[in-house]
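**Q** Would you mind keeping the following structure in view while I ask a few things?
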Amino acid sequence: MALANNESTAECMDATGNGGFSILEVLVAITIMTVAVAGLAQMVALSTRANTSARATTYAAVLAQQKMEQLRSLTWGFDVMGLPVTDTTSDIAVVPESAAGGSGLSPSPVNSLGASIAGYCDFVDVFGRPLGGGTTPPAGTAYIRRWSIEPLPGNPDNTIVLQVLVTRWGSRHAAAWSTGRRAPDEAWLVSVKTRKAS
């Protein structure tokens with residue numbers, strides 16, 4: 001009697017299809033799972049790349065803001081007699097900042113954002129430590145900071161336009177700058193400074 005009972009249960013399971021998975025069903029499930037995991041792996045890779053780029057861009061923005069604050073802190077105003085006073089000697093490409101030996105707020109050469117020009121460029125390592133200025137990046141350079149100082153055409157004697165461009169070393173070429181577009185992983189800040197009476 002027990003044997004007959006087991007045989008009828010086996011026949012019932014086979015007839016309803018609940019007895020297990022066929023090899024075809026297993027292969028289809030494995031294929032679907034493989035495609036899903038491959039897609040997920042691509043998303044993880046893209047996410048990691050985007051996070052790395054965002055971190056580099058944020059770091060470049062912080063370095064650009066630091067240089068912009070240095071530029072804005074230089075003297076550009078009027079003395080007690082009402083005569084214009086401009087700092088044209090401070091060297092902000094070295095640390096600590098020097099009161100002499102630099103270009104201060106003197107107008108920059110035309111291509112100071114596209115090339116490393118002494119007095120309008122400095123280099124920073126991966127930890128944010130300044131490595132000094134010049135035209136050639138020293139060993140350990142991770143970022144290049146370039147800045148320009150231009151008189152505002154509408155009021156050239158009293159207003160200047162300050163620009164700071166920070167880019168990762170090796171990620172930008174002079175030809176890329178001529179397009180005028182911002183490259184990935186860089187920061188470009190622009191500010192205007194007007195003379196005010198002291």
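**Q** Could you give each residue of the range 92-106 its phi-based ³J(HN,Hα) in whole Hz, using Karplus coefficients 6.51, -1.76, 1.60 with θ = phi - 60°, and x for Gly or Pro?
**A** Using θ = phi - 60°, the values come out as 9, 8, 10, 10, x, 3, 10, 6, 9, x, x, 10, x, 9, 5 Hz.
**Q** Oh, and also: What is the distance in Å between the Cα centres of the range 37-94 and the range 123-139?
**A** 14
**Q** Taking amide H atoms as placed 1.01 Å from N in the peptide plane, list the residues 5 or more away in sequence, or in a different chain, whose amide H sits under 5 Å from that of GLY119.
**A** Residues meeting the criterion, in which the H sits 1.01 Å from N, are GLY134.
**Q** List the residues whose amide H sits under 5 Å from the amide H of ALA142, counting only those 5 or more places along or on another chain, with H placed 1.01 Å from N in the peptide plane.
**A** VAL124, ASP125, VAL126
**Q** Can you tell me the mean projection area, over all orientations, of the convex hull of the range 15-158's alpha carbons? Units nm², please. It would help to have the intermediate numbers written out before the result.
**A** Numbers: hull surface 68.2 nm².
Spelled out: convex hull of the Cα atoms, projected over all directions, averaged, 17.1 nm².
Taken together, the values in this text are just the output of simple stated rules run on the coordinates, not laboratory data. Fair warning: this is a prediction, and the values are worked out from it, not measured in the lab.
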